[in-house]
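All remarks here apply to the structure that follows.
The values are calculated or read from the model by the stated rules, or taken from the named source; none is laboratory data. Just so it is clear, the structure is predicted and the values come from calculations on it, not from any experiment. Neighbour counts run over all protein chains shown; Cβ positions are idealised from the backbone, glycine included. Just the protein is used for accessible areas: all its heavy atoms, side chains included, with ligands, DNA and RNA removed. Shrake-Rupley method; radii C 1.70, N 1.55, O 1.52, S 1.80 Å.
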Amino acid sequence: MSSEEGAQRAGPGRPEPEDHVAARVKIERETRGWSTVKLAEEMAAVGHPINQSAIWRIESGKPRRRVNLDEALGFCKVFDLTMQDLTGPPGELATPRIRQLVSEYVQMTLEYRQLRAAIDRNQMHLHEIDAELNAYGDKGPEQRGQLDELMQREERAARRSLHPSRTHLRNRAQLRNRQEPPAAD
């Protein structure tokens, strides 16, 4: 095939999905803050090598370079897209900033739900402990006094152990616990 025929095949008469792929590759790459070199490295890592100049020609060449099926599959893997997403119109909401914000929002929402579930479990356990401690304190003034005194001691000890000046001691103790062999029975 002559270079003129190749340019004609890659030119204005090409299928619209190929233009979508070129736009999507550029959007996805820029959203991640990747250079064409970084994208080429990522493609090689998933088993679909392509050099960075080919990526630039796909995104910005005049005429744009065509994408073969192996490369399209690689872009789908690297960007975690379906082939339909890769070849479909990128749309107005696919600007790099909006995609970044959506990604951050989803990630933070998942983290929030995990933290919320941990807080809820913690709160349930605290209520159970509180009920048991109150039952003990309700047995009489002596038990209530013991409970109050023990609670104050534990709170002071916890505050002291969390004080920043004691960080080095906690770190040393943790290191010692990891290095000590288990006691023989």
* Can you run down the residue pairs with Cβ atoms below 8 Å, 6 or more apart or on separate chains, where the first is in segment 137-151 and without any contact (Cβ under 8 Å) to a residue 60 or more places away in the chain and the partner is outside any helix (DSSP H, G or I) and open to solvent by less than 50 Å² (accessible area, probe 1.4 Å)? => none
* Structure fact -> Residue count, segment 104-140, condition open to solvent by less than 70 Å² (accessible area, probe 1.4 Å) and within 30 Å of GLY33 (Cα to Cα), comes to 1
* Asked: In this structure, is ALA157 aliphatic (A, V, I, L, M), within 30 Å of PRO15 (Cβ to Cβ), surrounded by 10 or more Cβ atoms within 10 Å (Cβ to Cβ) and at pLDDT below 95?
  -> no
* To do: Quick one: which residue in ILE98, ILE58 is among the aliphatic types (A, V, I, L, M) and at pLDDT 90 or above?
  => ILE58
* Name every residue in segment 1-19 that is modelled with pLDDT of 50 or more and open to solvent by 30 Å² or more (accessible area, probe 1.4 Å), in order of residue number. => PRO12, GLY13, PRO15, GLU16, PRO17, GLU18, ASP19
* To do: Might you check whether a residue that is open to solvent by less than 30 Å² (accessible area, probe 1.4 Å) and among the β-branched types (Val, Ile, Thr) occurs anywhere in segment 60-69?
  => no
* **Residue among SER35, SER53 that is over 25 Å from the mean Cα position of the chain (by Cα) and among the small types (Gly, Ala, Ser)** => SER53
* Identify all residues within segment 56-94 that are within 24 Å of the chain's Cα centre (by Cα) and of a type in the set (Asp, Glu); write none if there are none. => ASP80, ASP85
